[in-house]
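Every number in this text was worked out from the coordinates using simple rules, so none of it is lab data. What you are looking at is a predicted structure, and each value in this text was computed from that prediction instead of being measured. Note that each Cβ is placed from the backbone with ideal geometry, even for glycine, and that neighbours are counted across all protein chains shown.
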Amino acid sequence: MNIFIRKQEDRSKPNRRDFLLQSSAASLGLTSIVNSISQLKLIGSAAAQGAGDYKALVCFFLNGGNDSNNLLIPAGASTARTAYEAGRGATVLAIPDASFDFTPANAANGYWTGSANSTAAVSSRIDTLNDGAYDPSTGYTGNNMALHPGAYPLKTMFADGDLSFIANVGTLVGAQAVTRTNFNTLPAAAKPPQLFSHSDQQVQWQSSLPDVPFSRGWGGKIADLLQGLNAGDLSMSVSIAGVNSFQVAYDQPAYFMNSSGSVSALTGFNSTAHPYGSSLRNTSLQPHYNNAVPAPSNKYDPLAALRSGGDPLAGTNYQHSSAGWRLRAIEQIMAMQHASLFDEGYNTAPESARITEGLVGNALAQTANADGTSSLDAHWNNWFQNGLFNPRIPDIANQMKVVARLIAGRSQLSNTRQIFFVQLGGWDTHTTQIPGQTTAGHYGLVNQMSRAIRAFKDAMVQIGMWNNVMLFSASDFNRTFTPNKSDNSAGSDHGWGGHMFVAGGAVKGGQICGKFPNLTVNGGIDCTGNRGRWIPSTSTDQVFASISKWFGCSDSQIQTVLPNFTRFQADLSNGTLVSKNLDFIDYSV
Amino acid sequence: MFPKRPGPYLIAFLLILLIVLAVWLFQALTSDVVIQAVQKKQAERPRPVTQDPIPTPMPTNPGIPRLAPGSIDPALQAQADGLHNLQEPPERDLEIVADFISTYSKGIGGNPIGDNADITAALTGTQGHKGRVFPQNHRAIRNGQLIDRWGTPFWFHPNSGNQMEIRSAGPDKEMFTADDLVQNPSPSGLGVTPQSGG
């Protein structure tokens with residue numbers, strides 16, 4: 001460099017140019033070292049997070065818009081209860097106060113006590129640990145609150161300190177305060193677009209970014225950011241309920257499963273009774289195709305198979321059967337080389353699916369019994385007695401069971417972070433919301449949901465993972481407080497802010513967080529009209545930021561996941577969380 | 001006689017010359033004589049004559065009549081008049097209502113939100129809503145709600161920002177019964193009605 005073209009030959013006396021060059025070089029070197037040290041710190045911190053600190057996040061989505069006005073309910077004698085009965089219609093949508101103390105009518109409706117089913121009297125009334133902190137005005141609820149009778153299993157979790165509610169949460173933009181007065185005149189950009197519309201509000205709940213066109217879900221963003229914590233080939237995101245916005249990501253597309261407890265294989269194959277390897281004639285290749293072989297040698301790898309002594313694509317390697325022909329065809333398609341990058345990229349999808357299929361099969365095998373049942377089934381059988389629902393274990397319960405089994409089999413997946421998505425549909429109760437049965441209408445949905453979640457908790461406790469799991473509920477929106485008819489065929493229509501809950505070992509349970517709505521219809525926080533559609537007092541961002549932090553996101557990563565968060569809350573410091581009544585996670589767990 | 005490297009001497013000479021020039025220019029521009037001469041010159045210069053612009057009349061287009069306050073575009077009015085036309089099948093009413101919602105959406109940038117009363121207010125431009133595509137005093141509006149030809153309010157169910165189920169209770173005036181008429185039925189899975197719920 002310049003140092004070699006200088007005139008002065010005596011290098012023992014550096015001139016000004018030498019000084020500048022050398023000090024710059026030194027500073028560059030120093031910068032690199034400092035950078036390296038800081039990177040090492042990051043790597044160390046990442047490694048520390050990833051080593052043995054498995055965390056699973058479960059999004060329990062209530063598709064259709066849960067009437068959470070009838071999930072967390074004012075009880076006893078209070079101003080809130082009076083407003084509740086007046087608004088909901090005492091004989092239309094209101095849950096009678098006497099219903100909170102009940103005796104299950106028969107053995108099928110009974111509850112698991114930990115050792116047996118019981119039909120003894122129970123109560124869904126709750127005692128909150130943060131009395132009054134959630135009241136919109138002093139003494140409004142009188143600390144007399146109850147859960148829907150069908151949510152008794154959730155009440156047991158609330159009482160055990162494993163579950164808390166967050167009241168009146170909803171999508172908000174945050175650029176300008178929304179009030180009943182300005183609701184109809186605010187610029188469109190100041191409100192979440194298409195309020196009260198199913199798909200729009202679902203997407204907004206699952207992205208928590210209502211003022212920007214959808215690109216990724218907030219779960220997908222987390223998966224993209226924290227993918228370095230996972231060593232396995234399975235995506236951080238697994239959906240047991242199909243495509244959703246929550247898990248849409250750039251780098252970590254969700255892996256989709258069904259609730260049957262087995263991986264979806266090619267028609268005619270499955271991981272246990274008829275694995276792929278059984279369609280091969282060359283037995284030396286079978287380990288590469290059978291899911292039972294431990295990772296990573298179970299991965300689809302035609303070249304490895306080729307090296308082990310045979311051409312996996314040779315016709316003679318496959319059984320002369322329709323299954324063998326199908327397998328050969330799909331293997332040939334996957335082994336094709338493409339000139340186009342797009343084609344190559346497209347080809348990685350089925351290849352990736354074959355790889356993860358084997359991994360997931362191995363994970364599920366950890367809890368699989370020889371007869372096709374699971375070692376965790378007992379918990380769901382306890383909470384879904386024979387004769388209650390038909391089929392006995394509803395789909396949502398099976399979805400939760402698959403999540404539990406994947407967590408139990410996590411060692412096979414080599415991932416320290418998983419994000420699961422499950423969904424229960426049918427909450428759009430515009431008509432006959434209360435049909436008078438515990439297994440139909442809104443009651444039936446609450447009943448299924450609560451039992452499935454309680455069984456999940458028991459399963460997690462059994463395998464010692466309850467502290468490593470956080471489940472949160474979400475739904476399109478709350479429903480109108482007032483009924484749409486005056487008889488027992490009434491339902492409710494689309495609302496806005498509603499109550500959600502979070503559950504897990506790290507949850508500071510037994511609380512109602514946020515602010516319970518003032519139940520005044522045609523005034524107060526009823527956004528417009530006279531139906532009781534509450535303007536949310538807590539944004540989805542605020543809740544999801546706390547959850548993101550628990551999952552391992554740094555403050556800057558939370559800004560990426562939830563860019564609007566600071567419009568509602570300065571930070572996640574304990575002081576701020578307490579002042580907002582949103583202190584629902586114990587980060588030390 | 002001359003130094004071997006004249007460069008530094010040349011640069012020093014040019015710097016001195018520049019400083020001398022700058023000092024001279026500063027003194028010249030701040031002298032009273034020069035300032036008075038400039039002021040005198042400016043005072044003698046004639047001012048430009050300003051004239052008020054001649055107002056240009058707004059172009060008139062005889063093809064676009066001015067609308068009376070509270071009225072709507074005649075084409076939309078004609079479409080609204082087609083509602084409850086007993087010469088047309090009742091399904092036509094739902095199509096017309098869907099067309100009005102579509103027109104509103106194109107103008108405002110999204111479907112109106114809320115239930116019947118909210119949507120009616122939006123279409124008629126009342127309660128602070130912008131734009132008006134439906135006449136406020138139409139016979140199909142009763143108690144602030146759009147009604148079907150049997151007198152029952154339509155049921156609006158926003159599935160997405162651009163897809164809305166519109167339901168008429170039909171002749172029996174009971175919603176969610178077999179004789180209901182439905183435009184853009186909702187997808188299954190939400191559990192909208194026992195019939196379509198999943």
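On the basis of the beta-carbon distance and an R0 of 51 Å, A:Gln462 and B:Arg92 show a calculated FRET efficiency of 0.25.
Just counting partner chain Cβ atoms within 10 Å, what average do the residues of peptide A:549-557 show around their Cβ? What the average comes to for A:549-557 is 0.
Taking 0.36 nm per residue of separation and subtracting the current Cα-Cα distance, fully stretching the chain between B:Lys4 and B:Ala37 would add 6.8 nm. Note on A:Ser539, B:Ser160, A:Ser137: ascending count of other Cβ atoms within 10 Å places them as A:Ser137, B:Ser160, A:Ser539, the fewest first.
Cross-link check: pairs A:Lys155/A:Lys508; A:Lys155/A:Lys485; A:Lys515/A:Lys580; A:Lys191/A:Lys580; A:Lys401/A:Lys457; B:Lys130/B:Lys173 evaluated at a Cα-Cα cut-off of 20 Å; pairs beyond the cut-off: A:Lys155/A:Lys485; A:Lys191/A:Lys580; B:Lys130/B:Lys173. In this structure, A:Ala90 and A:Ala349 have a Cβ-Cβ separation that, at R0 = 60 Å, corresponds to a calculated FRET efficiency of about 0.60. Counting beta carbons within 10 Å around each of A:Ser374, A:Ser489, A:Ser208 and listing the fewest first gives the order A:Ser489, A:Ser374, A:Ser208. Ranked by the mean number of other Cβ atoms within 10 Å of their residues, highest first, the peptides A:218-226, A:242-250 fall in the order A:218-226, A:242-250.
In what sequence, highest mean first, do A:449-457, B:134-142 appear when ranked by Cβ atoms within 10 angstrom?
Working: A:449-457: 26.9, B:134-142: 16.6.
Taking the mean over residues of other Cβ atoms within 10 Å, the ranking is A:449-457, B:134-142.
The label-point distance for A:Gln559 and A:Gln176, in a model that sets each label 7 Å from Cα toward Cβ, rounds to 2.6 nm. Would the range A:128-244 count as rounded, prolate or oblate if I go by the C-alpha gyration tensor, calling it rounded below 1.5 in a/c and otherwise prolate when a/b exceeds b/c, oblate otherwise? Oblate, since a/c reaches 1.5 and b/c is not below a/b.
For the residues of A:189-199, the average number of beta carbons from a partner chain within 10 Å of their own beta carbon is 5. Remark on A:Ser374: its backbone amide H falls under 5 Å from those of A:Asn369, a criterion applied only to residues 5 or more positions apart or on other chains, H modelled at 1.01 Å from N.
Fewest neighbouring Cβ atoms within 10 Å first, the residues A:Val589, B:Val133 line up as A:Val589, B:Val133. Within 10 Å of the Cβ of each residue in A:89-100, the mean number of Cβ atoms contributed by other protein chains is 0. Cβ-Cβ distance of A:Ala105 and A:Ser278, R₀ of 30 Å, FRET efficiency by 1/(1 + (r/R0)^6): the value works out to about 0.05. Normalising the average separation of contacting C-alpha pairs (under 8 angstrom, six or more residues apart) by the number of residues puts the relative contact order of the range B:83-189 at 21 percent. Label separation (B:Gln163 vs A:Ser322): 3.4 nm, computed from points 7 Å beyond Cα along the C-beta direction. Indicate the gyration tensor shape class of the range A:77-141 (rounded, prolate or oblate), computed on the Cα atoms with a ≥ b ≥ c the square roots of the eigenvalues: a/c under 1.5 is rounded; otherwise a/b larger than b/c is prolate and the rest oblate. It comes out oblate by the Cα gyration axes.
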